[in-house]
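> If you scroll down you'll find the structure; I have some questions about it.
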Amino acid sequence: MSTHQRHTIPAEDRVPWNQLIAYGMGGVIPIALFNIAGQLMGLLGNISLGLSAFWLGTIMIIPRLWDAISDPIIGHLSDNTRTRWGRRRPFILIGTLAVAVSFVAMWWVPRGEWIRSLLASDGFYNFVQFSFLLGGIIVLFMICKASLQSRSRKNRLYLLIGGIVFSIIFFGIWWVSRGEGIKLSFASEAAYNWFQLSFILAGLLIFFTSCTIFEIPHGALGMEMSSDYHERTRLFSAKSFLGNLFAMGTPWLIALAGMDFFRGPGGDVADGMRYVSLLIAAILAPMAWWWFFSLREPAFTVVKEQQKTGFWKSMHTTMSNKTFLSLVVIIFTLAMGFNFVALFNYYITIFYLYGGNEVAAGTLLGWGGTTWAVTGLIAVFPLNWISRRLGKNKTLLIAILLMCTAQLTKIVCYNPELPYLVLIPTTLLSAGMLMFFTLGSSMVGDICDEDELRTGTRSEGSYYSVYWWFIKMGTAFASFVTGVLLVFTSFDEQQNVSANSLRGSIEVLNADIEEWGKSSVPPPERLEAVNKHIATVQKHITKLNDHFEKRINDLPSQADNTGQLKMHLEKTAKLAAALETQAAELVTNPAELASQTNEMLAVAALLKKQAPLTLFRLRLVEIGLPLLLSIVSIWLTLRYSLTEERCYEIKEELKKRREELVVSG
């Protein structure tokens with residue numbers, strides 16, 4: 001009989017149901033909200049705000065690089081915190097509340113004419129000058145302080161370098177940029193886009209820092225709530241199960257944000273997400289207090305007398321653990337492959353399966369997300385069953401093979417004629433992902449046992465933080481690569497944004513017409529409103545036409561597709577001109593007026609279609625890259641050394657050591 005078949009979980013190692021549920025609900029933040037921010041912010045910034053996919057991908061790296069600093073620091077602080085509430089729960093409370101606030105704030109990206117006017121104002125110009133001077137003075141102060149602290153003979157070189165830099169910056173702060181040229185640059189389209197990118201970057205930095213404050217101590221708590229090999233898997237399975245239960249609603253966010261109630265007349269999905277985020281924060285904030293008061297830290301009685309360790313010593317111990325590094329490479333390799341193309345599913349669904357119709361695609365994305373979440377819920381049960389019978393290592397291999405199968409089925413299931421076939425690979429991929437990452441976290445706990453046997457200390461926070469640091473660094477690198485890959489596909493975000501603006505101006509006119517059918521607005525006022533709206537429509541048509549002309553010059557290989565788009569645009573322009581000519585007659589007949597604007601809206605919808613070559617490249621990269629790296633991850637898993645039998649040996653040795661310490665004490 002095998003070891004896993006003979007093993008029974010001792011009562012003291014079993015996690016009570018109330019603790020299991022409370023801990024499991026913590027999956028809301030890392031499973032649902034973390035991915036929403038990482039994926040939808042880039043998507044909506046590109047297709048709704050019109051920001052460059054390359055620069056969005058680039059700035060998405062910066063929060064991950066910041067994680068490289070914040071994750072280990074929070075992990076180390078959590079390991080060395082001693083309070084009456086334990087060492088994990090204070091971080092969980094503060095982190096959850098910070099996540100709720102920052103999640104709302106980051107969606108309120110300033111946009112519209114008011115922000116353009118602000119950038120062009122004298123007040124903003126003066127603010128930039130003041131910031132420039134203040135920044136220079138702060139740098140000077142820091143250099144002076146560092147130089148004064150380096151007076152030893154060993155560090156005299158720093159004095160010389162500091163003095164040179166001091167002189168350069170002191171001279172440079174007086175060369176504050178000024179003049180009408182600078183003012184005009186602030187009013188440019190580029191300045192407007194960079195302002196939005198800067199806002200997104202600041203919002204993401206605050207949000208991801210808040211997630212770190214919550215998730216690193218929460219994950220470390222999961223490792224110490226039980227010392228049993230399989231009970232840890234059950235605990236992290238609960239986190240996956242309940243996190244995915246909440247995540248069932250998150251894929252519908254695009255569809256929800258696209259509703260008129262949230263986005264308003266003429267608004268887009270980015271506008272709608274502002275108000276949807278408020279609903280999410282209202283759900284999340286009370287959970288902070290529930291987790292704080294309900295969770296327990298059974299291992300705190302063991303570690304509260306443990307000697308505190310220095311940061312660098314703790315990091316060195318963690319990074320020198322070969323078993324840990326082997327696991328990290330397995331997880332990192334596969335995660336990187338799928339993170340490279342995490343956004344591509346949205347692009348393929350919207351622009352390949354539905355020809356740019358975000359509302360129709362939103363429904364499928366919602367069902368896809370629900371399928372993903374439901375599968376994640378169900379997969380928890382076979383995960384625990386298989387892991388008990390085959391062990392974690394073999395179960396990890398099964399998870400990777402499920403993901404490989406999912407990628408291969410996409411070759412057939414990406415079908416515009418039968419778009420809902422995509423739910424097949426979604427199901428397989430969700431099951432594989434759930435099993436893979438749940439086992440990964442559980443296996444880090446086993447490594448912490450091995451480390452305690454070797455060093456005599458428990459450092460779950462350090463191990464968990466470094467584990468996620470590698471995954472987040474992969475995500476950061478993937479964010480940059482995603483932008484590069486989108487550039488490779490020749491996806492035209494400006495086309496989509498301009499087409500959305502054109503559609504929005506027609507929808508606003510439709511909303512007015514609908515109101516006229518219910519009220520007695522005088523014909524002269526109606527005529528004035530129609531002419532105003534038509535002028536806006538024609539302005540957007542001109543802008544889009546200029547873009548198409550530039551596109552033909554820049555990408556001659558796609559001239560045929562762009563030419564077809566221009567034909568649709570010309571038809572839209574003719575309909576707008578005809579409406580302008582007949583406006584005086586039509587304002588007295590709202591039904592006929594609405595009929596003509598609806599025809600114009602239908603033609604304008606065709607302007608969102610991307611080039612066939614772009615759509616092919618999207619599918620090629622989205623399917624092939626994760627498949628290749630999954631194969632590498634399989635090879636690495638076959639070489640992983642920490643088996644179930646060895647884990648139980650370590651547990652028994654630790655138990656004996658603790659009993660000896662009690663006797664000797």
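> For Val269, what charge total do you get from the other residues with a beta carbon under 15 Å from its beta carbon, if Lys and Arg give +1 and Asp and Glu give -1?
Every neighbour counted, the sum reads -1.
> Follow-up. Sorted from largest down, give the three principal axis spans of the alpha carbons of segment 494-609, whole angstrom values.
The principal-axis extents, from largest down, are 53, 20, 17 Å.
> How far apart, in nm, are two points set 7 Å out from the Cα along the Cα-to-Cβ line at Thr643 and at Met259?
5.5
> Given the pairs Lys313/Lys392; Lys313/Lys394; Lys518/Lys608; Lys410/Lys608; Lys322/Lys392; Lys394/Lys472, which span a C-alpha to C-alpha distance of over 28 angstrom in this model?
Distance filter (> 28 Å) returns Lys313/Lys392; Lys313/Lys394; Lys518/Lys608.
> Could you work out how far apart the two model spin labels at Ser595 and Tyr420 are, taking each label as a point 7 Å from the Cα in the direction of the beta carbon, and quote it in nm?
Taking the two extended label points, one gets 3.4 nm.
> Rounded to whole Hz and in sequence order, give me ³J(HN,Hα) for segment 440-455 from the Karplus expression 6.51 cos²θ - 1.76 cosθ + 1.60, θ = phi - 60°, writing x for Gly and Pro.
So the Karplus estimates, Gly and Pro as x, are x, 5, 4, 5, 5, x, 5, 5, 5, 4, 4, 5, 5, 4, 7, 10 Hz.
> Amide H to amide H under 5 Å from Phe491: which residues, 5+ apart in sequence or cross-chain, H placed 1.01 Å off N in plane?
Those qualifying (amide H under 5 Å, at least 5 residues apart or on another chain) number zero.
> Suppose the chain between Ile411 and Glu580 were pulled fully straight at 0.36 nm per residue; how much longer would it get relative to their current alpha carbon spacing?
Extra length available between Ile411 and Glu580 comes to 56.1 nm.
> Also: Pairwise over distinct Cα atoms, reciprocal of the mean inverse distance: report the Kirkwood radius of segment 255-380 in Å, one decimal place.
For segment 255-380, the Kirkwood estimate is 19.7 Å.
> Can you figure out the FRET efficiency of Leu555 with Leu390, using R₀ = 51 Å and their beta-carbon distance, to the nearest 0.05?
With a Förster radius of 51 Å, E is 0.50.
> From the backbone phi of segment 413-428, what are the Karplus-calculated ³J(HN,Hα) couplings (6.51 cos²θ - 1.76 cosθ + 1.60, θ = phi - 60°) in whole Hz, Gly and Pro given as x?
Karplus-based 3J(HN,Hα) across segment 413-428 equals 7, 7, 9, x, 6, 10, x, 6, 4, 5, 5, 5, x, 4, 4, 5 Hz.
> For segment 571-665, which trypsin sites (Lys or Arg not before Pro) are both in a DSSP coil and crowded by at most 14 other Cβ atoms within 10 Å?
Arg639
> Can you give the log10 of the normalised intensity I(q)/I(0) at q = 0.20, 0.27, 0.29 Å⁻¹, computed with Debye over equal Cα scatterers of segment 560-626?
Reported log10 I(q)/I(0), two decimals: -0.81, -1.08, -1.15.
> Further, regarding this structure: Given the convex hull over the Cα atoms of segment 442-504, what projected area results after averaging over all orientations, in nm²?
In nm², the orientation-averaged hull projection of segment 442-504 is 7.2.
> List, in order, the whole-Hz ³J(HN,Hα) value for each residue of segment 316-329 obtained from phi through the Karplus relation with A = 6.51, B = -1.76, C = 1.60 and θ = phi - 60°; use x for Gly and Pro.
Coupling constants for segment 316-329: 5, 4, 5, 6, 9, 7, 5, 4, 4, 5, 4, 5, 4, 5 Hz.
> Additional query: Describe numerically, in nm with one decimal, the distance between label points set 7 Å from Cα along Cα→Cβ at Lys655 and at Phe127.
Inter-label distance under the simple model: 6.3 nm.
Since every read-out is calculated from the coordinates, none of them should be taken as a lab result. Just so we're clear, the structure is a prediction, and the values are computed from it rather than from any experiment. Cβ atoms come from the backbone with ideal geometry, glycine included; neighbour counts cover every protein chain shown.
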